[in-house]
Amino acid sequence: MDISSLGEFGLIRRLTENISLKNASSVKGVGDDAAVLKYNKKEVLITTDLLLEGIHFDLTYVPLKHLGYKSAVVNFSDIYAMNGTPKQITVSLGISNRFSVENLEDFYEGLKLACEVYGVDIVGGDTSASLTGLCISITCIGEVEKSKVTYRTGAKDTDLICVSGDLGAAYMGLQLLEREKTVFKGESDFTPDFTGKEYLLERQLKPEARKDIAQFLAEKEIVPTSMIDVSDGLSSELLHICYESKVGCRIYEERIPIDYQTAVMAEQFNMNLTTAALNGGEDYELLFTVPLALHEQITEMKGVSVIGHICKQSLGSALITRDGNEIALQAQGWNSLS
């Protein structure tokens, strides 16, 4: 169906007609001049992500349903990185004339699925025409108790550096998709072979925010001294913490968690595995610091690795290699403006 046959308001009604509100803080959602939210004795968290076709995603190999899911999850991840809970999102789209109503319904199907999984309400947004492809802007609102909000500024000397999950898989999934896209350009009848690489594709196309880690920390009454999500690469994110906290760090190459499929793929591409894990980005894992006294509790946490420690700022930030050499960390993660 041609979008113009519905018009802007008809399109909004079509995409949002089955949305119901779940959170008590969502008083009024889609359908008025503004959403109405109510928070009592909580800090309100707000984050925004802008995703542009050709810069942040390639629709040659990214299904619109997956894109909708990922667009929401990357915002949820920012809220969890503040030790908060996402509650509402607003969704704004710039749409070029090559998209149909059914295309946007696919996108919203993924978006609504993510909101269902994470318990988040869609409460508003906007649509407009675009001359440069699909543009997606999502704002997420969350909440956190004042005593538990976690910034990038609290890391202290001797704190443990911890990270959830594994690193580098999303980047290797992207390399795999880009390789198959290149092959596809030269073939009229081409079927990509992703056998045995499903985990890498999932990490790139359908990432998950680490709600489970945030919940486990809350259950154990552990409030990290600093925290950030790994969107642009481990090295970049760790240097953000060091800069904001005015500290240095040491992380150990042998402790960086890496999945088997990531290692195999890196070997096939003749890439340095550690470099991929440090700089790949889009893992959306939680990188956080805790006091040394919590070492035993943290090591008991499933899916969390202690990869190093915070030190004095004068000592700088470095990676200790497997053979004991010290290499200065550099922020070499993805930069959309480069």
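Here are a few things to note about the model shown:
- Dipole of the chain computed with +1 at Lys/Arg Cβ and -1 at Asp/Glu Cβ about the Cα centre; of Gly280, Ile46, Ser147, farthest Cα towards the positive end is Ser147.
- Computed on the stretch 160-328, with alpha-carbon pairs under 8 angstrom and 6+ residues apart, the relative contact order is 42 percent.
- Computed lengthening from Asp157 to Glu267, 0.36 nm per intervening residue step minus Cα-Cα distance: 36.0 nm
- Helix-only mean residue ellipticity at 222 nm for the chain, each DSSP H run of n ≥ 4 adding -39500 (n - 2.57), per residue, nearest 500: -10000 deg cm²/dmol
- Two-site FRET efficiency, Leu292 against Asp193, from Cβ-Cβ distance with R₀ of 51 Å, rounded to 0.05: 0.60
- Proximal charge balance of Pro291 [Cβ under 14 Å; K/R count +1, D/E count -1]: -2
- Once you reduce the stretch 34-93 and the stretch 104-149 to the center of their Cα atoms, the two points are 5 Å from each other.
- Under the criterion of Cα pairs below 8 Å and six or more residues apart, the relative contact order for the chain equals 22 percent.
- Here, P(r) means the percent of Cα pairs in each 10 Å bin from 0 to the largest distance; for the stretch 197-284 it is 14, 41, 35, 10, 0.
- Net charge in the neighbourhood of Val73 (other residues with Cβ under 14 Å of its Cβ; Lys, Arg +1, Asp, Glu -1) is -3.
- Relative contact order, whole percent, for the stretch 3-148 stands at 38, derived from Cα pairs under 8 Å and 6 or more residues apart.
- DSSP-defined beta bridges in the chain - what % are antiparallel, rounded to 5: 75
- Max mean-square fluctuation residue, GNM over the chain, Cα-Cα springs under 10 Å, options Gly154, Gly29, Gly133: Gly133
- For the chain, a crude dipole built from +1 on the beta carbon of Lys and Arg and -1 on the beta carbon of Asp and Glu, taken about the Cα centre, is about 860 debye to the nearest 20.
- Other residues with beta-carbon under 15 Å from the beta-carbon of Tyr39 carry, at +1 per Lys or Arg and -1 per Asp or Glu, a net charge of +3.
- Simple spin-label estimate for Tyr243 and Asp212 gives 3.2 nm between the two label positions (7 Å along the Cα-to-Cβ direction from each Cα).
- Calculated log₁₀ intensity ratio I(q)/I(0) where the Debye formula runs over C-alpha points of the stretch 248-324, q = 0.12, 0.16 Å⁻¹: -0.41, -0.72
- Across Ser92, Ser231, Ser164, mean-square fluctuation computed from a Gaussian network of the chain (C-alpha pairs under 10 Å connected) peaks at Ser92.
- Rounded D (µm²/s) - the stretch 3-148, Kirkwood Rh over Cα pairs, Stokes-Einstein at 10 °C, 1.306 mPa s: 102
Any read-out appearing in this document is the output of simple, stated calculations on the displayed coordinates, not a laboratory observation. Please read all numbers here as calculations on a predicted model, not as lab measurements. Cβ: placed from backbone, ideal geometry, glycine included. Neighbour counts: every protein chain shown.
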